[in-house]
Amino acid sequence: RKEVEQDPGPFNVPEGATVAFNCTYSNSASQSFFWYRQDCRKEPKLLMSVYSSGNEDGRFTAQLNRASQYISLLIRDSKLSDSATYLCVVRSGGSYIPTFGRGTSLIVHP
Amino acid sequence: GAGVSQSPSNKVTEKGKDVELRCDPISGHTALYWYRQSLGQGLEFLIYFQGNSAPDKSGLPSDRFSAERTGGSVSTLTIQRTQQEDSAVYLCASSSATASYEQYFGPGTRLTVT
């Protein structure tokens with residue numbers, strides 16, 4: 001089993017839709033969780049950290065489920081500019097090297 | 001403030017030549033990472049520097065790859081005797097250990113080996 005797994009998609013949704021991505025991780029000692037977005041031919045950019053209690057930033061909501069070892073990202077009222085690949089990143093306790101998922105591709109169409 | 005910078009942005013080289021890629025991290029960030037990303041693929045970890053500690057080289061694919069970090073700031077990734085399979089985007093990221101290890105990436109160097 002891969003350390004961090006994501007559905008590659010693509011998720012093809014209309015503007016205004018709500019879309020959710022899940023990411024599962026295998027190491028129960030994981031401590032830090034993040035979502036990054038990567039636009040085509042660009043570098044990854046930090047979207048948000050994921051906290052144990054869940055957190056929200058505008059249209060984006062991230063949640064952590066330690067029991068089932070997954071994190072989720074919910075995007076409400078999708079915009080065309082949300083089209084990108086969303087990378088799940090997990091860091092295990094005792095390691096300074098995070099593990100990146102392969103990413104989930106989102107395409108928002110008019 | 002200034003973000004992570006990398007140079008060159010693009011590099012085309014002939015097979016067998018050596019190349020040097022440079023990364024200038026965010027000022028004050030003690031952690032520096034090198035990754036590479038092949039077309040349509042995920043990020044592959046190469047090497048990690050933290051302050052003055054010995055680097056974690058566990059991700060380097062072969063002994064043709066090496067990296068150094070001078071004065072705890074600028075880093076150089078060197079690839080000797082380049083091969084076509086080395087063609088990829090090489091990404092550098094820096095992080096402050098006091099900020100939950102959030103990483104900030106540079107724009108990358110696109111390396112093409114012909």
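The values are calculated or read from the model by the stated rules, or taken from the named source; none is laboratory data. Here the structure is a predicted model, which means the values were calculated and not measured. Reconstructed Cβ throughout: ideal geometry from the backbone, glycine too, with neighbour counts over all protein chains shown. Note: areas computed on protein heavy atoms with side chains; ligands, DNA, RNA excluded. Shrake-Rupley method; radii C 1.70, N 1.55, O 1.52, S 1.80 Å.
If a residue has to be among the aliphatic types (A, V, I, L, M) and free of Cβ contacts under 8 Å to residues at least 12 places away in the same chain to count, how many in the range B:64-114 make the cut?
Total satisfying the criteria: 1.
Please go through the range B:38-53 and pick out each residue that is open to solvent by 30 Å² or more (accessible area, probe 1.4 Å) and touching a strand residue (DSSP E or B) at 6+ places or on another chain (Cβ under 7 Å).
B:S38, B:E44, B:F45, B:Q50
Please go through the range B:65-114 and give me each residue that is open to solvent by 50 Å² or more (accessible area, probe 1.4 Å), within 23 Å of A:P98 (Cβ to Cβ) and away from every other protein chain (no Cβ under 14 Å), ordered by number.
Once the filter is applied, which keeps residues that are open to solvent by 50 Å² or more (accessible area, probe 1.4 Å), within 23 Å of A:P98 (Cβ to Cβ) and away from every other protein chain (no Cβ under 14 Å), the range B:65-114 yields B:S66, B:E68.
Could you give me the residue pairs with C-beta distances under 6 Å whose first residue belongs to the range B:28-45 and is facing another protein chain (nearest Cβ under 8 Å), whose second residue is among the hydroxyl-bearing types (S, T, Y) wherever it lies, and which are 6+ apart or on separate chains?
B:A31/B:S95; B:Y33/B:Y48; B:L43/B:Y35; B:F45/B:Y35
Mind checking which strands (runs of 3 or more DSSP E) fall wholly inside the range B:1-110 and carry at least 3 residues that are of a type in the set (A, V, I, L, M)?
So the answer is B:43-50, B:88-95.
Tell me, please, whether a residue that is over 13 Å from A:S83 (Cα atoms) and in contact with a Pro (Cβ under 8 Å, 6 or more places away or on another chain) can be found in the range A:15-35.
Yes, the range A:15-35 contains a residue that is over 13 Å from A:S83 (Cα atoms) and in contact with a Pro (Cβ under 8 Å, 6 or more places away or on another chain).
Given (1) in contact (Cβ under 8 Å) with a residue 12 or more places away in the chain; (2) open to solvent by 60 Å² or more (accessible area, probe 1.4 Å); (3) within 14 Å of chain B (Cβ to nearest Cβ), identify the lone condition not met by A:R66.
Only one criterion in (1) in contact (Cβ under 8 Å) with a residue 12 or more places away in the chain; (2) open to solvent by 60 Å² or more (accessible area, probe 1.4 Å); (3) within 14 Å of chain B (Cβ to nearest Cβ) is unmet by A:R66, namely (3).
Would you pick out the residues in the range A:32-55 that are of a type outside the set (G, A, S), more than 8 Å from chain B (Cβ to nearest Cβ), free of Cβ contacts under 8 Å to residues at least 40 places away in the same chain and open to solvent by less than 50 Å² (accessible area, probe 1.4 Å)?
Listed by number, the residues that qualify are A:L47, A:M48, A:V50, A:N55.
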